[in-house]
Structures are given as structure tokens and as C-alpha cells.
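Right, one structure below, let's go through it.
Where a number appears in this text, it was derived from the coordinates with a stated rule and is not lab data. Quantities reported herein were computed from a predicted structural model and do not represent experimental measurements. FYI the Cβ positions are ideal-geometry reconstructions off the backbone, even for glycines, and counts take in every protein chain you see.
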Amino acid sequence: MLGQLILNGLVTGSLLALPALALTMVFGILKFPNFAVGAMLTFGAYTAWVMNAMFGLPLLIATAIAAMISAAVAVLSDVLVFQRLRDAGSITLLVASMGLSLILENVCRFAFGNATRNLNVDIARPIRWHGLRINHEQLVTATSVVICVIVIQLLLYTSPLGRAMRATADNAALASVRGIERDTIVRITWALSGCSLALSGVLAGLDRAVDPLLGWNYQIPVFAAAILGGLGSPIGAVTGALVIGLAEELSTLILPTNYRQIVSFAIILLLLLVRNQGLFGGKAVRK
Amino acid sequence: MIAYLSTLAVLVSVAALVGLGLNFQWGVAGLVNFGVVGFVALGAYATALTVPYAGWLGAMVIAAAVSAAMSTVLAFLSTRLCGELPRHRHHRLWRGGRYSPAQRKLADGRGARHCRHPAAVRLLVPAAQYDAFLLGFAVLLVIVTFLVLEMLVRSPLGRALRAVRDDPTVAGALGKPVLLLRIKAFAIGGAVMGIAGSLHAFYLTYIDPSQFTSIITAYAFMAVILGGRGSNVGLVIGAGTIMALIEATRFLKDALNVVDGAQLAALRLGLIGIGIILLLILRPQGMLAEPYQRVRDFFPDDKEGR
């Protein structure tokens, strides 16, 4: 029972890891929490569903196309919205991302209605291993998230591009003196975050079903995970996601399952009181 | 017709009250609050629970007091971390509008709360004229709140709050109690939101957690941005414009035969999103910017103070 809960918690947490990474990367570069993570996740899930269920493409290819389209949408939203507001302060950007989130979510709702949709995957029996029940979706989620997190970490910490991104996040003016174009880095960051949100949309769609509120279910835990890890810290976001996932699942031992979401709120609240820079954050983020 | 007009007026009034509360917190005092809907819900529940015992006026006062008290507690927690982070905390309350244990218990145990027509009102007016009465009541409530807030904005408290908003360090150096001022602003704004929730409860006479979604927060932010941060007149105009637009798009359904109800709802919400972004880009100062005030606006007789 406990083993099963820990397993479920780790998988739930890994599902949160990619959106939390997307949130924290954009925060690192642009210094505002992107409220539209949930809606972008929903959008990615719908794109993959269209490719997969309507055009009959295999899920892997559908996911790849969805990731590309979501990356394009994320870059487009930067060009149309966020770039124009870059000097306006983080609150303005946050409110703008609320607007973007309304737009994306309702584009999906307008096109496909409120009904829940299912991705076209074969139903398989869960694997039993030492008394644990492991779903195929859980395996898929865990492996793809682990691969993605490793790829993103390698990209950030070993490639020239990652170095440029970290430099821009640290001090944009100083980075541009060294010839790093901020706008290019910002666009690449948006594209990366679009990709990972689309992928997590597909994984979330496998876990539940695709519906317009899919992203909303993850919004609060994702924010909790990113804050827990310290906004702007990629490794912190992943750790935070795992902690939140575990805490939510393990809380079912003592709390009714209805209240599971309370756990994320409680963690945010406690953390902000005790250590407001998060687990891996440097000094508190101030303007 | 009178029923429709009064519905419209009450909707505008609730939006205007919520917006006035947010405008005091965010526009005047510079405190961002993404938990708006939580305070509205709190006010509505406080009203619904106390109206059988306290009467309608008493319930309204209690609603305002409960919301103000909750705001004070939250302000204490968040101003400790002043600066960037407080907003995240309010997500909790904002979702708490749906998920807080007490409300869940209410929703699970007894279904939706029924808030009876205010007893005193029913004695005074027959049911047929309830709509007309509510219309007048809502408008009166907005006018009174507006006047009180406008007085506060012009008072020394308002001046100090604007100073804290523009530069807390300087205001603190001049001996203004920054923390206390912020808490006051948060509590006053919260009380107004509680009153808005109370009106909401009186109007619908029936509340359940699903009415309090984050869209209320989005409307309030849009009203403040549209009207111009810090300007109460602008806010009332902004809230009126937004609600009028939202109501007007309801009739789009007749014009556009191709869309069904769900699509129309999606279209309207999407348009609101586009509206927020366009406003932020094209007219960030809003329709009526906060009036620029000089010393002699406050001290007309003071020849030297310029």
C-alpha cells in the first residue's frame, strides 16, 4: 500500500516536473511567472489529440508535431504580446499571461467543445511487480520525463546555448555586452517551454482525458513545485515536483482524497513563511 | 424588462464593487491580490450563514467584517515578504473559494446554501417589486461605497498609501508606518469585496462554490486596468463597460447562427482575454489615469507649499 502510494506519487510528481521546468525557465529569463502554463498544456494536449485521433498518426509522431506547434505558438505569443510589454514590469506580464491563458483555453473549447476526448492508445493490463500495480501510462510518463529532464539539464549546463541562457537569466545587460542577443535567447526559451508543455499535455491526456480544463488541474501543483524548488532553478523545479507529487499521494493516508489539492496550497504557504526563496533558490527574487 | 434591467444593474454593481475593492488595494496601495474571488466568496457565505440571525443589514456588516479580518490576516502573512512573492499566497485563497475545507463541508453536507430574501425587505416591498427594489439598493450601495472610497483616497490616508505604493523606502524614511498602511489598505479593499459578495448572495438568493471562479478575479483586474489604476471614477466606467460588453455579446448568438451555447461562452471568454492583452499593450494607463495631484490641491491656502 505504502509502496504503491510512493510509486504513484513519484509518477504524479514527474508529470508535474516538465510544466514546472517550463515555468521556471521562463521565470529565469523574463522574471515573471507565466500564468498560461496550464492553458499551454491544454493546447498541446488538444493538438496532439487532433493529430492522433483525427488524422490517425501514431502517438509519438503526433506528440512531436504537437510539440513543434506549441513551440511556435509560444514564440508567437512572445512576439505578439510579451515582447511589447517587456519593460512594463512583472505584474503587467503576469496579467497579460492570464489573458493569454483565457485565449488559449477558449480556442480549444471553441473548436472542440467541453466534451472529454481520449487519445488513441491501446488499453493494456497493468504490470504487477512485487505487489505493485504499474500502469503502462505510468511507465511511459516516467521514462519520457526522465529523458526530457536529462536532455534539458544537459542543454542548460553543457551546451553553449545553455550557457547563454544562464547568462541572460543571471544578468541580461552583461550577457548582451558579450554578444548574446537577449531576444533570441528569450524566443528559444519560449520554444523550449512550449515543447515541454505540449509533451506534458500528452502525458496528462494519457493519465486523465483531454478536456478544456486539463491544464487547470495542474496549475496550482505546478506553481507549488516551481516555488518549492526556488523559482528560476531548473533542478529545484524537478525536485519540487517530486516532493509535491509524493506529498499529494501520501496525504491520502490521513486526508480524504477530495482535499488533496489543499496539500499544494499548504506547502506553498508554509514554505513562503519559513524559507521564501525555495529549496534551491539563491537569495529571494526581488526586482 | 425591469427584471432584465435590474439583473444588469446588479451584475454591474457587483463587478463595480469588486473592482473598487481591488482598485483600493492594487491601484491606490500597489498591493497585488490574485485572491479577489476568495474574499467575494467569503462575503457571500458570511451573508448566507448569518442573514437568518442578524437581518440583512447585519449580515452585510458581518460579511464586510469577516472579509476584512481575513484580509488582515493574509496581509500580515504576505507583507512580511513584501515585494515579489505575496501574489502566490493568494492563489491559495483564490482557489480556496472552491476548495477550503469549511466550504467543501457546506457543499458536501447540505448542498448549496440558500440565502433567503432579506426579511426586512420582504416586509417592506411585495415580491413583485423586489427586482426594482434590488436595483435601487445595488446602485445606492455602489454610490455609497464609491463616495467613501473616494473620500479615503483624498484623505491623508490615501496620500500616505500612494506614497507607500510609489516608494515604500522613502515613505518609511519619512516616518510612515509602511506595514500598517498596507494592512489597512488590504483590509479596506477586502471589506468592499465582502460587501460585493453579500450583494451577490442577496441577488441570487442562493449560492454554491461553483459560482466563485477565477473569472471574477479576471473581470476585476480588467476593470481596474481599463479604468486606469488608482482612479475610482475610471473604475466605475470600466466595470460598466466590461459588463455591458459581456451582456451585449450574449446577443451575438442570434446574429451568428453557426455557434452553439458552449462555443459562444468560449468566444466571449476568449474575447475578454484578447481585450486584457490589447488594453495592456495599447493603453496601459487606462481610460482615466489617476489625476496628477499637487500640494496645493490639498492645501489651497498654503502659498509656499508647492
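Rounding to the nearest 20 debye, state how big the charge dipole of segment A:187-282 is about its Cα centre with +1 on each Lys and Arg Cβ and -1 on each Asp and Glu Cβ.
The dipole magnitude comes to about 220 debye.
Could you check how many percent of all C-alpha pairs in chain A are farther apart than 25 Å?
Taking all Cα-Cα pairs of chain A, the fraction more than 25 Å apart is 46 percent.
How high is the relative contact order of chain A, in percent, with contacts defined as C-alpha pairs under 8 Å that are six or more residues apart?
35
Only Cα pairs within less than 10 Å get springs; with that Gaussian network setup on chain A, which residue of A:Leu192, A:Leu30, A:Leu161 has the largest fluctuation?
Of A:Leu192, A:Leu30, A:Leu161, the most mobile in the Gaussian network model is A:Leu161.
Which shape class applies to segment A:133-287: rounded if a/c is under 1.5, otherwise prolate when a/b exceeds b/c and oblate if not, where a ≥ b ≥ c are the square roots of the Cα gyration tensor eigenvalues?
oblate
Based on DSSP H runs of at least 4 residues, each adding -39500 (n - 2.57), what is the mean residue ellipticity at 222 nm of chain A after dividing by all its residues, to the nearest 500 deg cm²/dmol?
-23000 deg cm²/dmol
Note the direction-averaged projected area, equal to a quarter of the hull surface, for the Cα convex hull of segment A:43-92, in nm².
Average projection, Cα convex hull of segment A:43-92: 3.9 nm².
Under 5 Å between amide hydrogens, which residues at least 5 positions from A:Leu214 or on another chain qualify, with H placed 1.01 Å from N in the peptide plane?
Placed amide hydrogens put nothing under 5 Å from A:Leu214.
Given points 7 Å out from each Cα along the Cα-Cβ axis, report the A:Asn258 to B:Ala3 separation in nanometres with one decimal.
Simple spin-label model gives 3.4 nm for this pair.
With only Lys, Arg, Asp and Glu charged, each at its Cβ (+1 for the first two, -1 for the last two), find how big the charge dipole of chain A is about the Cα centre; round to the nearest 20 debye.
In debye, rounded to 20, chain A gives about 500.
Can you classify segment B:132-184 as rounded, prolate or oblate using the Cα gyration tensor, where a ≥ b ≥ c are the square roots of its eigenvalues, rounded means a/c under 1.5, and otherwise it's prolate if a/b beats b/c and oblate if not?
prolate
Can you give me the long-range amide H partners of B:Tyr206? Hydrogens built in the peptide plane at 1.01 Å from N, cutoff under 5 Å, separation of 5 or more residues or another chain.
B:Cys115
Which residue, A:Trp216, A:Trp129, A:Trp49, has the most motion in a Gaussian network model of chain A that connects Cα atoms within less than 10 Å?
Comparing A:Trp216, A:Trp129, A:Trp49 in the GNM, the peak value goes to A:Trp129.
By its C-alpha gyration tensor, with a ≥ b ≥ c as the square roots of the eigenvalues, how is segment B:152-248 shaped: rounded for a/c under 1.5, else prolate for a/b larger than b/c, else oblate?
Here segment B:152-248 falls in the prolate category.
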